[in-house]
1. Taking θ as phi - 60°, what are the ³J(HN,Hα) couplings along the stretch 222-232 by the Karplus curve (6.51, -1.76, 1.60), each to the nearest whole Hz, with x for Gly and Pro?
2. Non-local amide H neighbours of R155 (under 5 Å, H modeled in plane, Pro and chain starts lacking H): which ones?
3. List every residue whose amide H lies under 5 Å from the amide H of I236, counting only residues 5 or more places away in sequence or on a different chain, with H placed 1.01 Å from N in the peptide plane.
4. Starting from the Cα-Cα distance between A156 and R264, subtract it from 0.36 nm times their residue separation and give me the gain in nm to one decimal.
5. Counting DSSP beta bridges with both partners in the stretch 245-356, what percentage is antiparallel, nearest 5?
6. Relative contact order (percent) for the stretch 1-143, with alpha-carbon contacts under 8 angstrom and 6 or more residues of separation?
7. Suppose a student asked you for the relative contact order of the stretch 213-274, using Cα pairs under 8 Å spaced at least 6 residues apart; what percent would you report?
8. Please name whichever of I71, G91, V101 sits farthest to the positive end of the charge dipole of the stretch 49-102, dipole taken about the Cα centre and charges placed at Cβ: Lys and Arg +1, Asp and Glu -1.
Amino acid sequence: MKPAPAPRSEPTAAADLPRILIVDDSVVARTIIARLIDGTGRYLVAAAVSGAGAALAFLRTARVDAVLLDIEMPGMDGLTALPDLIAHGRGARFLVVSSSVDEGAAATVQALALGAADTLVKPGTGALAGRFSEALCDKLDRLLGSDDLPALPVRAPVATTGTGFDIVAIGASTGGIHALGQVLRQLPAECTVPILVTQHLPASFTPYFAAQVAVLAGRPCDVATDHLRIRPGRVIVAPGDAHVRVVSLGDGSASVRLLRGAVRSGCTPSVDPMFASIAEVFGPRALAVVLSGMGRDGSEGAGLVARAGGCVVVQDRQSSVVWGMPGTVATNGHAAAVLPPDRIGALIASGRRPAC
C-alpha cells in the first residue's frame, strides 16, 4: 500500500547505528528479537528489559531511537505505560510488538491513539524469525529512515478571515491517529463544521477507529457508506476498503460516495479522491489538513484544493512521526500553514478561514 523507502546507507561505526530498546517480559522473546536486530548490522540494541518500570528507568538516563514494546506484561501493561514512556522517550519512535495487535484488534487502534508510531503482531517464540524478522526490519527502516525532504519551520497563516469554511477534510497515515486526537481535542461543542477523515487503516480496524474518534472528538462519528449525508457536528471516516468522495445534492448540502479501485497513490483508502472532491464541491469554502504519514498520498488532492481557492494546512515536521505526506504538500508550496496538531485544532475551532 505504501512505497518502499530508499535503501539505507551503511554506517561506518556502531556508534552511528540507531539505538533500539526492547521491552518484553519474555526472556526468550527478548533474546531472539535482540539477535534479529543485531544481525541486520543496521541497528544496535541499546538494552532489553523485562517491564515498563525498567524501561522508564532506562529512558531517564539514556536516549534511543526506537522502542519495541510488548503489551501483555506483569505489573504495568504496555498500553498503560505508553504515555509515560513516550514522555521520557525524547522523540523515540514506539513500535508496539505484541500478539494483542492482531488483525482487527481494538488494542491496535488504542496503541496508535496513545502515540505508538506503528504496531506489529508478535508470533509465538518458535516463529520469531523469517517473515517476522523481515516485517520488523521493514517497520524500523520506514520509521527511522530519512524522507529526504527539506526541513521547514512551523509557519502560521499570514492572517485569518472571518469567512470560515464549510467542510474540513483530514488525511493521515503512520503516526496520524495520535495527531488526529490532538486536533480533535481542541474542538468545542459549538464547532459544528463537518469533518471527513481518511486514515490509512485496514477495513477490520475501521469500527474501532470510528469509536475512538467519537470519544476524542466528543461528537458522533460514522463509517462512510454510499449516500451518507454530510451533516454539521459529525465526523465521517473512510472505510478501509474504499475511497471517500463528496458529491453535491444540489440543495446546498452534500453526501458521500464510495469509490473502489486503484488510484495513483496506491493507497486504499486514499486521501487524494477526498481532497479532489471537496475542491470540486466546496471550492474556497474547503479546508484540507494533512497529518503525519508516509509517502505522497494527498499531495495531488491538496494541489486541487489550493487551486480551487480552498486552504491547506499541514502538520509540522517536529511533531510528525513521518513527514512524508505533510512534507510533500508543504514543499510543493500548497500549504497555507505548517503547524503542530493542537494549533491545527485551534485554527479549526476558531471558525476563521486561513488567508491563503
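1. 10, 7, 4, 10, 4, 6, 5, 6, 7, 10, x
2. Counting only residues 5 or more places away or on other chains, the set is V338, L339.
3. Answer set, sorted by chain and number: I195, L196, V197, D222.
4. 35.8 nm
5. Once the DSSP bridges in the stretch 245-356 are tallied, antiparallel ones form about 35 percent.
6. Once normalised by length, the contact order is 21 percent.
7. Averaging sequence separation for qualifying contacts and normalising by length gives 31 percent for the stretch 213-274.
8. The one lying farthest along the dipole's positive direction is G91.
The values are calculated or read from the model by the stated rules, or taken from the named source; none is laboratory data. This is a predicted model, so every value here is computed, not measured. Neighbour counts are summed over all protein chains in view; Cβ atoms, including those assigned to glycine, are modelled from backbone coordinates with ideal geometry. The area values use the complete protein model at the heavy-atom level, side chains included, leaving out ligands, DNA and RNA. Shrake-Rupley method; radii C 1.70, N 1.55, O 1.52, S 1.80 Å.
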